[in-house]
Amino acid sequence: MFKKLFGKKNNSENNNQQTQQIEKENNTTESEENKKEGFFSRLKKGLSKTRKGITEKVDVILKSYKKIDEELFEELEEVLITADVGVNTTMRIIEDVKDKVKERKITEVEEIRELLKEELKEILTEVDENISLNIEPSPAIVLVVGVNGVGKTTTIGKLAYRLKNEGKKVLIAAGDTFRAAAIEQLTEWSNRAGVDIIAHQEGADPAAVIYDGIQAAKARKSDVLICDTAGRLHNKKNLMNELNKIFRIVEREYPEATKEVLLVVDATTGQNAVLQAKTFKEACDISGIVLTKLDGTAKGGVVLAVQSELKVPVKLVGVGEKIYDLQDFDPDNFVEAIFSE
Ligand SMILES: Nc1nc2c(ncn2[C@@H]2O[C@H](COP(=O)(O)OP(=O)(O)OP(=O)(O)O)[C@@H](O)[C@H]2O)c(=O)[nH]1
Ligand SMILES: [Mg+2]
């Protein structure tokens, strides 16, 4: 994972210079090595509230019990539900832990901690699809969808920066034409990431922007075209119609491209994120989920609910507002980070 994020060197000197410039702007003059070390600690820092909301409470409960009984499980259940793991997923976790206690004839209360970790990792790895981004072989198109304010545009900026650093030729299409500010914001991100952008005026047909983006990606031999879409329209039906029109353009104009449809959801909205994901899943073929704003929320448990109730893999997580605050979702690291001291 570290390799994917930071390991590959840029191909050209030009790329390198631009990247250095961006790193200066973002105050990230650390060496590659430091970045790698900083990766887990950034995740840990980002998840500190979730850790307080889950692990610290779990530890207090485990310390207060001398034997494993029904009451203990009820208290654990409450902690998980409060941390936005969701009722169904919580029930499942508790039942599975109970089964394991029986099967393995466990009697020590503190062993429950490891069982919980094991169970969470199991849930997070059971979606057997590939959890890395679907962008190989080139050319690839990444459509970024989600309701307003969840972090689509920011995620596109971060992703463009990261893919460019991996040596890919990246192009961005400003498919959110609903507001002028959306186009400006994306243009700013494209500058920060040092990649080109295709944009029209406010109010233009988003499908036409995506069409132009595809033609430009072909002409410029781009490896990845990343498309922003509106999150806010007059109503949900309009939003879904607009997305479908975009999907049709992609099918017609870019059948050879590898496709990734990323649904962005905001972790701070807890169970609402699960509901949004369900709505979008009915309307379009989502291939991956990006969970943003994991930093600063105690609702990080929603990762478990999203993954287990939707069976769509969480592929990326946002752990801050900076350009490098986007990480591959790694179930082991995630569980270790919330259960760390
Ligand atoms: N703390 C934190 N803030 C984030 C993260 N991702 C996005 N944000 C912030 O969330 C706010 C909304 O982000 P946008 O990228 O504009 O969201 P959007 O989905 O494009 O919104 P619309 O264009 O209105 O549909 C911004 O202030 C971002 O800085 C994250 O991972 N962590
Ligand atoms: Mg936006």
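Observations on the structure shown:
- Spin-label pair Leu275/Gln201, simplified geometry with 7 Å Cα→Cβ offset, distance in nm: 3.8
- Helix-derived mean residue ellipticity, 222 nm - over the chain, DSSP H n ≥ 4, -39500 (n - 2.57), to 500: -16000 deg cm²/dmol
- Note on Asn191 and Glu78: their simple-model spin labels are 5.3 nm apart, each label 7 Å out from Cα toward Cβ.
- Per-atom-type breakdown for the chain gives carbon and sulfur 47% of the accessible area (1.4 Å probe, protein chains only).
- Antiparallel content of DSSP bridges confined to the chain, in %, to 5: 10
- Accessible area per residue was computed with a 1.4 Å probe on protein heavy atoms; Ser48 scores about 40 Å².
- Hypothetical label at Lys44: residues of the range 321-339 whose amide nitrogen lies under 15 Å (7 Å Cα-Cβ projection): 333-339
- Pair Arg113, Asn148: separation of 7 Å Cα→Cβ label points (nm): 4.6
- For the chain: accessible area per residue (Å², 1.4 Å): 45
- Heavy atoms of Asp330: accessible area, 1.4 Å probe, square angstrom to 10: 50
- The chain: translational diffusion in µm²/s, Stokes-Einstein, Kirkwood Rh over Cα pairs, 25 °C, 0.890 mPa s: 117
- For the chain, the longest principal axis of the C-alpha atoms and the axis of helix 111-125 are separated by about 30°.
- Of all aspartates and glutamates in the structure, the ones whose alpha carbon falls short of 19 Å from that of Lys281, not counting any fewer than 8 places away in one chain, are Glu126, Asp128, Glu129, Asp228, Glu242, Glu251, Glu260, Asp266, Glu309.
- The Glu282 and Val60 beta-carbon pair, evaluated with R₀ = 30 Å, returns a calculated FRET efficiency of approximately 0.15.
The values are calculated or read from the model by the stated rules, or taken from the named source; none is laboratory data. Here the structure is a predicted model, which means the values were calculated and not measured. Every residue, glycine among them, receives a Cβ derived from its backbone with ideal geometry; neighbour counts consider all protein chains shown. Ligands, DNA and RNA are stripped out before the accessible areas are found, and what is left, the full protein with its side chains, is counted by its heavy atoms. Shrake-Rupley method; radii C 1.70, N 1.55, O 1.52, S 1.80 Å.
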